[in-house]
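Here is the structure we will look at, set down as structure tokens.
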2 protein chains.
Amino acid sequence: MTASAITNENTATQTVFIKMALSAWDSHNARVNKLVTSLSDEEWLAETAPGRNSGIYLLGHLIAVSDGLFPILGFGERLYPELDKVFLESPDKAGLVMPSLNELKEYWNKVNAKLSGHISQLPAEEWFTRHNNVSEADFAKEPHRNKLNIIINRTNHTSYHLGQLVYLAKK
Amino acid sequence: MTASAITNENTATQTVFIKMALSAWDSHNARVNKLVTSLSDEEWLAETAPGRNSGIYLLGHLIAVSDGLFPILGFGERLYPELDKVFLESPDKAGLVMPSLNELKEYWNKVNAKLSGHISQLPAEEWFTRHNNVSEADFAKEPHRNKLNIIINRTNHTSYHLGQLVYLAKK
């Protein structure tokens with residue numbers, strides 16, 4: 001095999017990995033989208049189980065986590081950094097003022113639209129570079145802590161809360 | 001760069017990606033393990049939310065799905081194929097006889113121990129080959145439907161139910 005054929009093989013391998021991770025990310029966001037459009041306001045405002053997080057809190061939480069990806073992945077400034085105080089640093093029912101459900105649905109769509117734009121434009125080799133929450137020294141020792149790994153981890157995070165959000169649908 | 005240096009780079013890329021997917025798989029199974037050892041029998045037998053799946057049903061469901069990986073990944077025969085009827089093909093409270101909680105905990109450990117053995121021995125390049133639930137023709141068109149992709153998808157599945165299982169812990 002020539003050097004250039006082998007280089008192509010490496011690029012093809014990277015492309016397949018990226019496709020695997022991004023397909024899972026997209027399909028889980030699509031499942032949240034489906035709940036955003038199908039659940040009633042009353043269902044979103046209810047608790048996912050007695051005494052547990054409400055739907056609206058978990059929606060805000062997912063938005064804050066996805067919005068946090070912009071700086072971590074080098075995609076620029078966050079859209080809604082003010083959400084962290086309410087949805088990441090404080091528990092549900094802490095008495096803080098939340099955006100309305102309609103505002104949150106709009107934020108969810110805007111964060112995902114902007115994120116998808118950046119994700120689709122990132123060159124393949126960039127996905128395997130260091131993300132901004134890991135130091136250069138740590139990344140040298142642990143090269144799996146790259147940008148694509150963040151997507152894999154965040155997909156699992158979305159999945160975890162999806163399992164709870166589906167309980168909002170009345171039986 | 002020489003051809004052999006580039007080949008090494010491709011192998012390194014594969015190794016990093018395998019590490020990413022298997023780390024996520026292991027850490028989510030470890031979180032289930034933690035619930036297996038920390039929740040009381042009473043908690044495991046309860047519903048995760050009113051009218052929703054019980055803990056014991058979800059544990060059986062996760063075991064059946066992980067046990068199903070043996071044939072899909074070419075790791076040989078399943079340990080507990082009889083679980084499918086109760087935990088995959090029937091809903092909770094269908095009136096079918098379930099193994100006891102202690103038996104299920106033992107099955108969970110045995111399936112994971114056997115699976116880990118196979119996973120740790122699979123050569124890197126094998127992870128990017130076809131799994132047995134996809135045809136050769138489809139795999140030629142969609143090379144991301146490989147063995148490692150199954151691990152990524154199943155990790156998300158475990159995450160989804162973990163989000164529900166944590167509701168078993170009394171507040």
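Among residues belonging to segment B:113-171 that are free of Cβ contacts under 8 Å to residues at least 40 places away in the same chain, of a type in the set (A, V, I, L, M) and part of a helix (DSSP H, G or I), point out the one that is farthest from the other protein chains (Cβ to nearest Cβ).
Only one residue fits best here, namely B:A113.
Condition (residue is modelled with pLDDT of 95 or more, closer than 23 Å to A:T48 by Cα and over 18 Å from the mean Cα position of the chain (by Cα)) applied to segment B:20-30: is it met by at least one residue?
No: zero hits.
For segment B:148-164, check the following and say yes or no: at least one residue is out of contact with any Lys or Arg (no Cβ under 9 Å at 6 or more places or on another chain), open to solvent by 60 Å² or more (accessible area, probe 1.4 Å) and of a type in the set (A, V, I, L, M, F, W, C).
no
Within segment B:85-104, which residues are surrounded by fewer than 18 Cβ atoms within 10 Å (Cβ to Cβ) and touching a Lys or Arg at 6+ places or on another chain (Cβ under 9 Å)?
B:L96
Looking only at segment A:99-112, how many residues end up being assigned to a loop (DSSP other than H, G, I, E, B) and either touching a Pro at 6+ places or on another chain (Cβ under 8 Å) or among the polar types (S, T, N, Q) (or both)?
Narrowing segment A:99-112 to residues assigned to a loop (DSSP other than H, G, I, E, B): A:99-100.
Remaining after also requiring either touching a Pro at 6+ places or on another chain (Cβ under 8 Å) or among the polar types (S, T, N, Q) (or both): A:100.
Residues flagged as assigned to a loop (DSSP other than H, G, I, E, B) and either touching a Pro at 6+ places or on another chain (Cβ under 8 Å) or among the polar types (S, T, N, Q) (or both) within segment A:99-112 amount to 1.
It is to be established whether one or more residues within segment A:57-78 are facing another protein chain (nearest Cβ under 10 Å) and open to solvent by 20 Å² or more (accessible area, probe 1.4 Å).
Start the filter on segment A:57-78 by keeping residues that are facing another protein chain (nearest Cβ under 10 Å), which leaves A:58.
From the residues that got through so far, the ones that are open to solvent by 20 Å² or more (accessible area, probe 1.4 Å) too are none.
Looking for residues that are facing another protein chain (nearest Cβ under 10 Å) and open to solvent by 20 Å² or more (accessible area, probe 1.4 Å), one finds none in segment A:57-78, hence no.
Count, please, the residues in segment A:37-90 that happen to be over 15 Å from the mean Cα position of the chain (by Cα) and not charged (D, E, K, R). Working first, answer last.
Initial filter on segment A:37-90 (over 15 Å from the mean Cα position of the chain (by Cα)): A:37-57, A:76-77, A:82, A:85-86, A:89-90.
With the extra rule that they be not charged (D, E, K, R), the set shrinks to A:37-40, A:44-46, A:48-51, A:53-57, A:76, A:86, A:90.
Looking only at that region, the number is 19.
For segment B:75-86, indicate whether the set of residues that are part of a loop (DSSP other than H, G, I, E, B), within 27 Å of A:L165 (Cα to Cα) and in contact with a helix residue (DSSP H, G or I) (Cβ under 7 Å, 6 or more places away or on another chain) is non-empty. Write out each step before concluding.
Let us first name the residues in segment B:75-86 that are part of a loop (DSSP other than H, G, I, E, B), namely B:75-82.
Imposing the further condition that a residue be within 27 Å of A:L165 (Cα to Cα) reduces the set to none.
No, there is no match, as no residue in segment B:75-86 is part of a loop (DSSP other than H, G, I, E, B), within 27 Å of A:L165 (Cα to Cα) and in contact with a helix residue (DSSP H, G or I) (Cβ under 7 Å, 6 or more places away or on another chain).
If you check A:H144, A:H118, which single one turns out to be over 28 Å from B:R52 (Cβ atoms) and in contact with a Lys or Arg (Cβ under 9 Å, 6 or more places away or on another chain)?
Numbers: A:H118 fails: in contact with a Lys or Arg (Cβ under 9 Å, 6 or more places away or on another chain).
Sole residue among the options that is over 28 Å from B:R52 (Cβ atoms) and in contact with a Lys or Arg (Cβ under 9 Å, 6 or more places away or on another chain): A:H144.
Residue by residue through segment A:40-74, note down the ones that are in a loop (DSSP other than H, G, I, E, B) and within 22 Å of A:N156 (Cα to Cα).
A:T48, A:A49, A:R52, A:N53, A:G68, A:L73, A:G74 - these are the residues of segment A:40-74 that are in a loop (DSSP other than H, G, I, E, B) and within 22 Å of A:N156 (Cα to Cα).
The values are calculated or read from the model by the stated rules, or taken from the named source; none is laboratory data. Fair warning: this is a prediction, and the values are worked out from it, not measured in the lab. In this analysis, Cβ positions are derived from the backbone assuming ideal geometry, glycine residues included, and neighbour counts consider all displayed protein chains. Just the protein is used for accessible areas: all its heavy atoms, side chains included, with ligands, DNA and RNA removed. Shrake-Rupley method; radii C 1.70, N 1.55, O 1.52, S 1.80 Å.
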